[in-house]
Amino acid sequence: MTNISFLDKIATVLIENYSGKLSNTIVVLPNKRAKIFLVEALKKQVSNNILSPEIISIEEFIQDIASIRNIDPIELLFEFYEVYLSITEKQHQQSFELFANWAKTLLQDFNEIDRYLLDPSHVLSYLKDIEDIKKWGIEVENKTQLLEKYIDFWKLLPNYYQSLYNHLLNKGIGYQGLIYREAVNNLNHFSDSIKDKQFVFAGFNALNAAEERIIQHLIASDQAAIYWDVDQTFLNDPYHDAGLFVRRFKSSWKHYKSSPFEWIVDDFSQSKNIQVIGTPKSIGQAKIAGSIIENIINDNPNATLDKVAVVLGEENLLVPLLYSLPSTVGALNITMGYSSKNNPAQILIAKLFKMHTNALSRNAKSYVLYYKDVLDILTHPLVEPYAKTNALVNLINQNNYTFITHQKLLELNPNPTDLFLLLFQKWENGSMAVLETISSLLLSIKSNLGNDNEEEKIAKAFVYAIFKTINKLMNYYSQHSNIDKIETLYAIYKQVIDLAEVSFEGEPLNGLQIMGVLESRVLDFETVIVTSMNEGKFPAGKSQNSFIPYDVKRELGLPTFKEKDAIYTYHFYHLLQRAKNIYLIYNTESEGLDAGEKSRFITQLEVEKQQKHILTHEIYNAVLPEIAYQPIKVPKSESVMIRLKEIAEKGFSPSALTSYIRNPIDFYFQKILRISEVEEVEENIALNTLGTIIHETLEALYSPFIGKFLSENDILGCFKLLDNEVLKQFKLVYKEGEIKKGRNLLAFEVAKRNVSNFLKVELERIKNGDAIKILELEKTLERKLEHPSLPFPVLFKGNVDRIEEYNGIIRIIDYKTGKVEKPNVTLKSWKGLTEEIKNDKIIQVLAYAFMYEKEANDKPIEAGIISFKNLKSGFLPFSFKDGKEVNTTIDSAVLNDYLEQMVLLLNEILDEAKPFEEKI
């Protein structure tokens, strides 16, 4: 049996009962969206042309009665601030940002008081009395100024309310509650003026006191009929919240004392396939929703998806869901509000505010920008593809620009796009100019986006929502001159952006429907997928965003979280009422931001299971492979072999060989593919940069002494040059980076201390009578290795830091800024030398010895390391420990043993049959 949708039934009633007077019939629905579906339902039931009844939402209807224009929350906040300033003494006036913190909550309370037709002076005086009672125990002389201000605030509430109410009424504008109250006041006049009209109210559930009064009045005067959409399962169960409101109306409305309660249906108990699916995290829910839709399409490729709805319990699942949908979905209709907090355009504007306000606060004249703020904007997805600033980003990274003046930024990007100029235009001409710049910027971004795919359309909707908010701010700012500083403007922006939602609108009758909970009202679908079925999300948690306490709300008849939960309950069960296939997806995680236990609605379905319902429960986890990670294997193709031969001809460096030992795949990326690390700004000096500075400083200090023996005076002269040389090298290596502040100043001092300590050790050696002659500094060495087992000769090539003659012995020295100790350069067995990375320093220094052997002219050679973190140990030579005997001289026997191991390593590297295999 196919369930007839509620709107189809309403269409039948309209044609059968109002056929002669459809043009005088006004159908009032809970929301605008249902109008299109009702028109479609009417089309199905008529074969000839008819005049459609007027179909309006309840809010439009109430506005018609009251003849007052509804204003948005942002405009209301500004209007209230104007009223607040006019009735508050100058010395007690708060800034807009402080005012907005409490005004938003107070406006919600005013709204509720009006919607439920309560006496405002009674309610607000009640709140003042409660606060007075709380402070009874405090003696008058002990009351602080803060406490006095607090009590005065509660005393002023009736005045705030009445002044705002009168101010808005004089302008012919109002918030929802005010319009409802005025509609009730105007009700008799309205019903007299529309004697020839008939009203049909359809699909309502929760009504506030003003709506109840208006609808009952029109029913009593035979000008209206109301049709509920309620199932007997909920209505007849005194404890079921889905029927809470309708049970109240059924028992309390005078109309139902003499007239029957129409349209109690029995759809919920019919056959339904309900699948409850638990999965970790939000992204898992989006993926499962996408796979369910893919299965629906695969099962019936020719079927349309217009009877399928995805209802998002959390709006931030929208973007992950869109990326999870199969490409075969085709038409798509998104109807939901989306918070501006997650809006990419809003995030860009927030980053702009941060960058410009920081620049102004640092130095308004030179307008100094922080590199992270600049890069955050240049790499934003709405900017990066269109600003053409890749070269600028590279320059900032390569030159370590930490702080950049505005002028310097423009110099670094000599051919700027219009988008770039709008982003970095100085904010120094007041708030209105800033808003105009942002408005132009958003238009520029919007013009860059096309309409080719759903992502671009959604991006446009995001940009347009913020554009509207900025333009509203411009409008309000032209009328309210209270926004004087950029900081104040930013605070106001943050307040109003919370009230700005992105509205998506699509083709509602075609394709898959994606909607929020409220957008599903009155509509019926055959397949329903509901996400975020967790407590606190569905239903929403007990948020107490009100100054009116719970017990006072109960007493006065204002809705509490009990009623709000009941509204959620009705919407949830209405989604299920006529659906055949239902998928309820929830997050199984109990920890984290989006965690929580599964919704009570799921438990209720399980406990109160209907006879014809098939209810299954599954937990979906991500498919975990048996092997967590498959190491990368790269076979040696012909082009790889050509590249290896090219490296062999140009030279294998010791570091290239040790990088292969560390991880062959690193060698492949760095040496074969020539992929280097991404350049990034070093805000704090990295260890390798510090090492470079120390190396370069030592080279500069010792260069004048190449070819001569060092004297005490030579070293004492180096001490005098030390400070300037370290500073010079810092500027050369670290480029535009800041070196006189914070950690970098410490690094600067560390570099000086390291070089100074080295010089002290050198001076001590000379004083002890050691003869030290500098032979080479930063010398590039090379030597060809030819061996029968190698496919071709291999050139060894590398840079050695220092070669000296020390008391007649040649010493080849490699500086290390890290800590190196004697065991790191001591070898006990040649076997397995190239198999462990711990031998990397030995491989390196012996490579230098091999390359320099011929130039040593038969003098004994030692090769080793000077470690700046272990200077007390001095020179640490390579040593071979054979039993108790330790040999530090590198003779031809040592080099032959070493080369045998190198040949083994090179054969592995050059073996075409052996792939590069990642070590993990």
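All of the numbers you see were taken from the coordinates with simple rules; none came from a lab. Since we're looking at a predicted model, the values are computed, not measured. All Cβ positions, even for glycine, are placed from backbone atoms using ideal geometry, and neighbour counts span all protein chains on display.
Just want the ordering: W427, W253, from fewest to most Cβ atoms lying within 10 Å of their own Cβ.
Values: W427 22, W253 17.
Taking fewest neighbouring Cβ atoms as first place, the list is W253, W427.
Explain nothing, just compute: Karplus ³J(HN,Hα) = 6.51 cos²θ - 1.76 cosθ + 1.60, θ = phi - 60°, for every residue of the range 63-76 in order, whole Hz, x for Gly and Pro.
Whole-Hz 3J(HN,Hα) from phi for the range 63-76: 4, 4, 5, 7, 6, 10, 7, 7, 10, 7, x, 5, 4, 4.
Once you sort the root eigenvalues of the Cα gyration tensor of the range 74-170 as a ≥ b ≥ c, which label holds: rounded (a/c under 1.5), prolate (a/b larger than b/c) or oblate (the other case)?
Working: a/c = 2.29, a/b = 1.36, b/c = 1.68.
Taking the square roots of the gyration eigenvalues as a ≥ b ≥ c, the range 74-170 is oblate.
If packing is taken as the average number of other Cβ atoms within 10 Å across a peptide's residues, how do 625-631, 322-328 rank, most packed first?
Numbers: 625-631: 7.7, 322-328: 14.0.
Averaged packing, sorted descending, gives the order 322-328, 625-631.
Please list, ordered by chain and number, the residues whose modelled amide H lies under 5 Å from the amide H of F652; skip anything fewer than 5 residues away on the same chain.
Amide H neighbours of F652: L795, F796, K797.
So which aspartates and glutamates can K720 reach, going by Cα to Cα under 14 Å and dropping same-chain residues fewer than 8 places off?
Within reach: E712.
Please give every one of the lysines within straight-line cross-link reach of K426, meaning a C-alpha to C-alpha distance under 16 Å, and leave out same-chain neighbours fewer than 8 residues apart.
K351, K354, K365, K408, K485
Beta carbons within 10 angstrom, averaged per residue: use that to sort the peptides 869-876, 669-676, highest first. It would help to have the intermediate numbers written out before the result.
Working: 869-876: 15.0, 669-676: 13.2.
For the peptides 869-876, 669-676, the packing ranking is 869-876, 669-676.
Just to be sure I understand the model, the point goes 7 Å from the Cα along the line to the Cβ. What's the resulting K446 to V750 distance in nm?
Here the answer is 5.1 nm between the modelled labels.
Please turn the phi angles of the range 889-906 into ³J(HN,Hα) values with the Karplus equation 6.51 cos²θ - 1.76 cosθ + 1.60 (θ = phi - 60°), one per residue in order, whole Hz, x for glycine and proline.
Taking θ as phi minus 60°, the curve returns 7, 9, 9, 5, 5, 4, 5, 4, 4, 5, 5, 4, 5, 5, 5, 4, 5, 5 Hz for the range 889-906.
Report, by chain and number, residues whose modeled amide H sits under 5 Å from the one on I514, excluding near sequence neighbours (fewer than 5 apart, same chain).
Answer set, sorted by chain and number: V310, N333, I334, T335.
May I ask you to sort E262, E519 by Cβ crowding, counting other Cβ atoms within 10 Å and putting the fewest first? Intermediate results must be reported in sequence, preceding the final value.
Details: E262 11, E519 24.
With the fewest neighbours first, E262, E519 line up as E262, E519.
Let me have the relative contact order for the chain, percent, based on Cα pairs under 8 Å that are six or more residues apart.
On the way: 1354 pairs, mean separation 116.5, N = 920.
Over the chain, the number comes to 13 percent.
Pairs on different chains or at least eight residues apart, Cα atoms closer than 20 Å: how many lysine pairs in the range 74-170 fit?
So the count works out to 15.
Mind sorting R181, R783, R802 by how few other Cβ atoms lie within 10 Å of their own Cβ, fewest first?
Working: R181 23, R783 17, R802 20.
Ordered from fewest to most neighbouring Cβ atoms within 10 Å, R181, R783, R802 come out as R783, R802, R181.
In debye to the nearest 20, how big a dipole does the range 74-170 give about its Cα centre with +1 on each Lys and Arg Cβ and -1 on each Asp and Glu Cβ? Write out the running numbers ahead of the final one.
Numbers: 9 positive and 16 negative charges, 23 e Å.
Magnitude of the dipole: close to 120 debye.
Collect residues whose amide H, placed 1.01 Å from N in the peptide plane, falls under 5 Å from the amide H of E821; neighbours closer than 5 in sequence don't count.
When sequence neighbours closer than 5 places are left aside, there are no close amide H contacts.
Leaving out same-chain residues fewer than 8 places away, which aspartates and glutamates sit with a Cα under 17 Å from that of K671?
Output for K671: E638, E646, E649, E908, D911, E912, E917, E918.
Report, in listed order, any pair from K854/K919; K472/K562; K372/K735 with a Cα-Cα distance greater than 26 Å.
Details: K854/K919 37 Å; K472/K562 36 Å; K372/K735 17 Å.
Cα-Cα > 26 Å for K854/K919; K472/K562; rest within.
For a quick protection proxy, order the peptides 40-51, 572-583, 332-343, 527-538 by their average other-Cβ count within 10 Å, most packed first.
On the way: 40-51: 11.7, 572-583: 21.7, 332-343: 19.0, 527-538: 23.2.
Highest-to-lowest ranking by the protection proxy: 527-538, 572-583, 332-343, 40-51.
Of K281/K633; K650/K914; K341/K446; K35/K446; K307/K537; K731/K816, which pairs sit farther than 27 Å apart, going by alpha carbon to alpha carbon? Numbers along the way, then the final one.
Numbers: K281/K633 33 Å; K650/K914 22 Å; K341/K446 19 Å; K35/K446 30 Å; K307/K537 25 Å; K731/K816 21 Å.
The pairs that break the limit, which is 27 Å between Cα atoms, are K281/K633; K35/K446.
In degrees, nearest 10, range 0 to 90: what is the angle between the Cα axis of helix 431-448 and the longest Cα principal axis of the chain?
On a 0 to 90 degree scale, this one is about 80.
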